[in-house]
Amino acid sequence: MNTPLKDVAPEKRGRKQSKEVRRLQLIEATIDSLARRGYAETTMADVADGAGLSRGIVNFHFESKEKLLVATLQHMYDEYSAHWRSACNRAGDDPARQMAALVAADFDRAVCNRRKLAAWCAFWGEAKSRPTYQALCGARDAAYQNLFVELCRALKEDGAYGFDAQAMALALSAMLEGLWLRLMMGTEDVTRESALVAANEFLAAVFPRHYVRGAGVPEGKAIRIA
């Protein structure tokens, strides 16, 4: 007897969903292993054990450690990109609110936690010698940096600041990366909360007509930042 077509589609969807769930399990286990063991010491066996799956399942989905690591880096960049884009969209059309939202998003626990920071550090340590990583990171970093340049240019024009927009965008992104590195190192004097305070101090110092801190009443269009 022939299987009704209406029963085939759900079955195929179920298999596809199951495959995606397995891939995500393995990617999350890879992030865990990178955070605990580092890049060189992470093996396919470690990932399989961490995911609670057989080593054959890892080989079926990714074939090699390199393909698994590329997929993991892709996943982390996609997650980070979706996070900052969502924050920017929620801020509306005001460049000052968009900039503040981007900075705050960088220290949100969803993307900024010890586990993920350690995994990022592991990948960054390998990027220089791996063209695939450089290409993957470069395209996404360019979009993020270009947005910072656009926002710095808009705030400069609106506030009549004297800085160079491109140089200031580079300084801002370097400051954020530096705070992430401090968090990666696990120094006691830097937490997500104190890092965000430091980043907001930077915004208030560079864009004084757009951001204020402390108990004073904001003037004009200035935004109070935490």
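The table below lists the values:
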item	result
For peptides 180-188, 29-37, 71-79, sequence by mean Cβ density within 10 Å, most packed first	29-37, 71-79, 180-188
Kirkwood Rh in Å, taken over all unlike Cα pairs in the range 83-124	11.0
Computed E for Ala167/Val197 - FRET, C-beta separation, R0 30 angstrom, nearest 0.05	0.80
Accessible area of the range 13-63 divided out per residue, in Å², using a probe of 1.4 angstrom	58
Simple label model, 7 Å out from Cα along Cβ direction - Thr187 to Arg97, nm	3.5
Efficiency of FRET between Ser64 and Arg85 - r from beta-carbon atoms, R0 41 angstrom, step 0.05	0.85
Solvent-accessible area per residue for the range 73-224 (1.4 angstrom probe, square angstrom)	52
For the range 73-224: relative contact order, % (alpha-carbon pairs under 8 angstrom, 6 or more apart)	24
Peptides 100-108, 80-88 ordered by average Cβ neighbours within 10 Å, highest first	100-108, 80-88
Separation in nanometres of the label points that stand 7 Å from Cα toward Cβ, at Lys19 and Glu177	3.7
Extension reserve of the Ala142-Asp158 stretch, reckoned as 0.36 nm per residue once the Cα distance is removed	3.3 nm
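The values are calculated or read from the model by the stated rules, or taken from the named source; none is laboratory data. Computed from a predicted structure; not experimentally measured. Ideal geometry is used to build each Cβ from the backbone, glycine not excepted, and the neighbour counts take in all protein chains shown. Note: accessible area is taken over every heavy atom of the protein model, side chains too, but ligands, DNA and RNA are not part of it. Shrake-Rupley method; radii C 1.70, N 1.55, O 1.52, S 1.80 Å.
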